[in-house]
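Enquirer: Below is one structure. I have some questions about it.
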Amino acid sequence: MIKKPIPGDTKKSMLKARSRDRRYHFVMAGGAVRGVLIQGSRMLREMQLNHNLGVLESIVLGQAYLGTALIASGLKEDGLIQFKVECGGPLKGLSVEADSHGTVRGFLMENPIPLERVPETLDTSLLFGPGFLSVTRYTGDLNKAFTGQVELRSGRLAEDLAAYYEESEQIHTVFNLSVHLETTGEVSGGAALFLQAMPGADEHVLDMVQDAILEIPSLSRTFTAEMDVHEFLDTYLADFQPDLLADKRVEFMCGCSKSRFEKFLANLSPAEQKEIVDNGPFPVITTCHNCNTSYDFSRNELESLFKLG
């Protein structure tokens, strides 16, 4: 993977910003509710730059990154979550993956989203239309997978993910997915909150917590990269006595590389390889959907790879 540089970045500021992107695990209400809080401002800014996203595209894909990272926080071992939406609206859909180690990657089916006119609001329901949301869990060696699927209810990812847990797993869950952009269109904040009732919890507990969450101003503005997580929890959820358990990094990261694309090209049929070498055009450019990194191959490289020289 090759990340596009952020204007004005230095190595020191880059490392500092990345270190602030974290996933915090906690319990509250006497253990009746488990929660995950994510600070992901740097992750979303890197996502925006690599995928060349506009305002609406940044909001939709940013919310999907945050939501998938929250779901992946429940993986107990090495594993992977794939979150997909297929829909009839102009967006067409999206695909995002996150693993138990906190890395996230993924893409929009349409970028830019084809719209006849710019919507007057940032209501994402206008982009989705009817469709389906699916969550696939891969565990261990990634050979075992379980997929749950539900119909989209609203086209607002936080609401639709909560509905997924309600329908597919019968667990009362709350999502808050927040992306903040400057007037220039640049992503400057990204934060997310996930709260879930534990088995045997009083059915009214999460309703009370949800009411408290509604009182929190824009999450991406409130829980900034510079804010201490204890300060946030003590300010907005103190009545439920949150107990911070652990934290892990979150990062926009993809495992693609030029060598992986070399293996793909090497496995093409002899006829396909000859067609590429004979007709080009050169350089041949391969692009990873998940991170939008491109890898170029010259004619000489391909002749050597295909052993046609």
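Quick note: the coordinates plus some simple rules give every number you see, no bench work behind them. Here the structure is a predicted model, which is why all the values come from computation and not from measurement. No Cβ is skipped: glycine too gets one built from the backbone with ideal geometry, and neighbour counts run over all protein chains shown.
Enquirer: Please list, in chain and number order, the residues 5+ apart from residue 110 or on another chain whose amide H is under 5 Å from its amide H, with Hs placed from the backbone.
Expert: For residue 110, the qualifying residues are 93.
Enquirer: Under 5 Å between amide H atoms, partner at least 5 residues away or on a different chain: which partners does residue 250 have, H built in plane at 1.01 Å?
Expert: 22, 23
Enquirer: Same structure, new question: Every cysteine in the chain with no other Cys Cβ under 4.7 Å from its Cβ, please list them in numeric order.
Expert: Result for the chain is 87, no neighbouring Cys Cβ within the cutoff.
Enquirer: Sticking with this one: HN-Hα J couplings of the stretch 224-234 from phi, Karplus 6.51/-1.76/1.60, θ = phi - 60°, integer Hz, Gly and Pro as x?
Expert: Going residue by residue, I get 7, 4, 8, 8, 6, 5, 5, 4, 5, 5, 6 Hz, with x marking Gly and Pro.
Enquirer: May I ask you to order 101-114, 233-246, 186-199 by the average number of other C-beta atoms within 10 Å around their residues, highest value first?
Expert: Going from most to least packed, we get 186-199, 101-114, 233-246.
Enquirer: So, one more: Ranked highest first by average number of other Cβ atoms within 10 Å, how do 10-18, 36-44 line up?
Expert: 36-44, 10-18
Enquirer: For Cα pairs less than 8 Å apart in space and 6+ apart in sequence, what is the mean separation divided by the residue count of the stretch 258-306, i.e. the relative contact order in percent? Before the final figure, lay out each step's value.
Expert: On the way: 34 pairs, mean separation 17.9, N = 49.
Averaging sequence separation for qualifying contacts and normalising by length gives 36 percent for the stretch 258-306.
Enquirer: As I understand it, the value is the acute angle between the Cα axis of helix 205-214 and the longest principal axis of the Cα atoms of the chain; what does it come to in degrees, rounded to 10?
Expert: That helix lies at roughly 70 degrees to the long axis.
Enquirer: Same structure, new question: Using only the alpha-carbon atoms, how far is helix 55-72 inclined from the longest principal axis of the chain? Give it as 0 to 90 degrees, nearest 10.
Expert: 70 degrees
Enquirer: Could you state the angle between the C-alpha long axis of helix 41-51 and the longest principal axis of the C-alpha atoms of the chain, as a value from 0 to 90 degrees rounded to the nearest 10?
Expert: 30 degrees
Enquirer: Let me ask something additional. How compact and how long is the stretch 229-309, expressed as Rg and Dmax of its alpha-carbon atoms in Å?
Expert: 23.6, 72
Enquirer: Filter the cross-link list 16/144; 3/92; 11/258; 16/76; 92/274 down to pairs whose alpha-carbon distance in this structure exceeds 30 Å.
Expert: 16/144; 92/274
Enquirer: What list of ³J(HN,Hα) couplings, whole Hz, do you get for the stretch 266-281 from phi and the Karplus terms 6.51, -1.76, 1.60, once you set θ to phi - 60° and write x for glycine and proline?
Expert: Values, residue by residue: 5, 8, 5, 5, x, 5, 5, 5, 5, 4, 5, 5, 6, 10, x, x Hz.
Enquirer: For n ≥ 4 DSSP H runs only, could you compute -39500 (n - 2.57) per run for the chain, divide by its residues and tell me the 222 nm figure to the nearest 500?
Expert: Taken over the chain, the calculation gives -9000 deg cm²/dmol.
Enquirer: Still on this structure: For the ranges 260-273, 282-295, what's the packing order if you count other beta-carbon atoms within 10 Å of each residue, average per peptide, and put the highest first?
Expert: 282-295, 260-273
Enquirer: Something else now. With a Förster radius of 35 Å, plug the Cβ-Cβ distance of residue 238 and residue 169 into 1/(1 + (r/R0)^6) and report the FRET value to the nearest 0.05.
Expert: Using R0 = 35 Å, I get an efficiency of 0.75.
Enquirer: Long-range amide H contacts for residue 100: which residues qualify at under 5 Å (H placed 1.01 Å from N, peptide plane, sequence gap of 5 or more or a different chain)?
Expert: Answer set, sorted by chain and number: 79.
Enquirer: Among (i) 0.93; (ii) 1.01; (iii) 1.06, find the value of Rg/Rh (Cα atoms, Kirkwood Rh) that was calculated from the structure presented, and write down its label.
Expert: (ii)
Enquirer: Residue by residue, what Karplus-based ³J(HN,Hα) values in Hz, rounded to whole numbers, does the stretch 21-36 have, using 6.51, -1.76 and 1.60 with θ = phi - 60° and x for Gly and Pro?
Expert: 7, 9, 10, 9, 9, 8, 10, 7, 6, x, x, 6, 10, 9, x, 9
Enquirer: So, one more: Where does the stretch 141-292 land on Rg/Rh, using Cα atoms and the Kirkwood Rh?
Expert: Result for the stretch 141-292 is an Rg/Rh of 1.12.
Enquirer: Among 99, 78, 228, 21, rank each residue by its count of other Cβ atoms within 10 Å, from fewest to most, as a rough exposure measure.
Expert: 228, 78, 99, 21
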